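The values are calculated or read from the model by the stated rules, or taken from the named source; none is laboratory data. What you see is a predicted model; the values in this text were computed from it and never measured. Note that each Cβ is placed from the backbone with ideal geometry, even for glycine, and that neighbours are counted across all protein chains shown.
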């Protein structure tokens, strides 16, 4: 019976491509399932032979550690160069969207708290 090696939910395309290449390089027998049409599952990479799972997991863990360190170093370098966008810059770039989200949050909070306020003050 096949064993799930990597759930593809939230996995960037470049990372999924690198994992596929890694599995091919190490000659692991795998296949991939695609996302379903309702968005319940996002697909996954499966090992056909469950006996290969410990070795494949070890290789995948080492890859993910290297990727984490590389991406973190890239993020830190961008932060030092001032290339990361701040919250203020995002608000200023699209103030209408910010205002819309802010109002939506305020309405939701109002609907959530008004019943309790009415209970407390007996209105």
Could you please give the count of residues in region 66-84 that are exposed (fewer than 10 other Cβ atoms within 10 Å of the Cβ) and outside any helix (DSSP H, G or I)? 2
Would you be able to say whether some residue in region 5-25 is assigned to a loop (DSSP other than H, G, I, E, B), in the same structural domain as residue 70 (by TED's automatic domain parsing) and at pLDDT 95 or above? no
Taking the stated definitions as given, is residue 63 modelled with pLDDT of 95 or more, within 30 Å of residue 28 (Cβ to Cβ) and either in contact with a strand residue (DSSP E or B) (Cβ under 8 Å, 6 or more places away or on another chain) or not assigned by TED's automatic domain parsing to the domain that holds residue 5 (or both)? no
Identify the single condition in (1) part of a helix (DSSP H, G or I); (2) surrounded by 10 or more Cβ atoms within 10 Å (Cβ to Cβ) that residue 41 does not satisfy, given that it satisfies every other one. (1)
Within region 31-51, can one find any residue that is touching a helix residue (DSSP H, G or I) at 6+ places or on another chain (Cβ under 8 Å) and free of Cβ contacts under 8 Å to residues at least 40 places away in the same chain? yes
